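The values are calculated or read from the model by the stated rules, or taken from the named source; none is laboratory data. Just so we're clear, the structure is a prediction, and the values are computed from it rather than from any experiment. Cβ: placed from backbone, ideal geometry, glycine included. Neighbour counts: every protein chain shown. Surface accessibility is based on the protein's heavy atoms, side chains included, excluding ligands, DNA and RNA. Shrake-Rupley method; radii C 1.70, N 1.55, O 1.52, S 1.80 Å.
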Amino acid sequence: MPIRINPSILAADFANFEHELGRIRTADLVHVDIMDNHFVPNLTFGLAMVDRLQQVSPLPLDIHLMIDDPDRWAPGYAEVGAYSVTFHAEAATDAVALARRLRSIGARAGLALNPGTPVKQYLDLLPEFDQVLVMTVEPGFGGQSFMASTMPKLEALSAAVKSSGLDVWLQVDGGITAQTIEIAAAAGADTFVAGSSVFGADDPTEQIALLRAAAARHDHGHE
């Protein structure tokens, strides 16, 4: 099963994004955290920035919307060409309708779940999504420690994907290092967001390879 490493530009040098993107060319996608200072207590990028990143990035963009009212705002990110647009279950008014809208524009549709959000009610909706993101920290800030307590949720998703035969990526975001990536991979994750562990490394490409190898060793995925 493919292992995807998606470095988060939240940990990059904001003044030199084009150079920073060049340092992670061996990754799979670029994870872009959009925060609105309402859904989470932090403020990052917006649509204009993503439009510009789309023009200069050597990799597809994996957009993670930590915002209120994604039903209104998420389609715009698909319209500027983002490869994947993930919104939070806790913020969406109609998650299925929004996912269908994103797919109709041409983006992959992702559903994100906070650490405290139960997964059970979403298992029957998996055909509507291309990706489910299990937050392994509380959303809003980088540099937090990995929450192993979220792994049963990931295991439930992995079992549901496997039994259904669907092609749904299972992503984890928060506190991903060479050590914690093994735990998440063993629980069924195949797509990993890593911020400071990649951009903080002397050689990001070497770190990406290290993370990929660690995940592959402990992959109990859902192929």
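Anyone know which of GLY174, GLY140, GLY165 comes out most mobile in the 10 Å Cα GNM of the chain?
Of GLY174, GLY140, GLY165, the most mobile in the Gaussian network model is GLY165.
Apply the membrane-span-like helix rule to the chain: whole DSSP H runs, Cα extent along the own long axis of at least 30 Å, mean Kyte-Doolittle hydropathy at least 1.6. List the helices found.
Helices meeting the span and hydropathy rule in the chain: none at all.
For the chain, which whole percent of the accessible surface, found with a 1.4 angstrom probe, sits on carbon and sulfur atoms?
Result for the chain: 50 percent of the exposed heavy-atom area is carbon or sulfur.
Roughly how many debye, to the nearest 20, is the charge dipole of region 78-137 about its Cα centre, given +1 on each Lys and Arg Cβ, -1 on each Asp and Glu Cβ, and no other charges?
80
Counting each pair of different Cα atoms once, what's the Kirkwood radius of the chain in Å, rounded to one decimal?
After inverting the mean inverse Cα-Cα distance, the result is 17.0 Å.
Could you state the accessible area per residue of region 67-151 in Å², with a 1.4 Å probe and every protein chain left in place?
42
Expressed as a fraction of 2.2 N^0.38 Å, the rule-of-thumb size for a compact globular protein of N residues, what is the C-alpha radius of gyration of region 34-106?
Compared with the compact-globule rule of thumb, region 34-106 sits at 1.04.
What does the charge count around GLU18 come to, taking other residues whose C-beta lies under 13 Å from its C-beta (Lys +1, Arg +1, Asp -1, Glu -1)?
+1
With the dipole of the chain worked out from charges on the C-beta (+1 for Lys and Arg, -1 for Asp and Glu) around the Cα centre, which of ALA185, ILE5, VAL50 lies farthest toward the positive end?
ALA185
Quote the charge dipole size of the chain about the Cα centre in Debye, to the nearest 20; the model charges only the Cβ of Lys and Arg (+1) and of Asp and Glu (-1).
The dipole of the chain has a size of about 320 debye.
How big is the Cα convex hull of region 128-221 in projection, averaged over all directions, in nm²?
Over all viewing directions, region 128-221 projects a mean Cα-hull area of 6.0 nm².
If you place +1 on the Cβ of every Lys and Arg and -1 on the Cβ of every Asp and Glu, how big does the dipole about the Cα centre of region 103-215 come out, in debye to the nearest 20?
300
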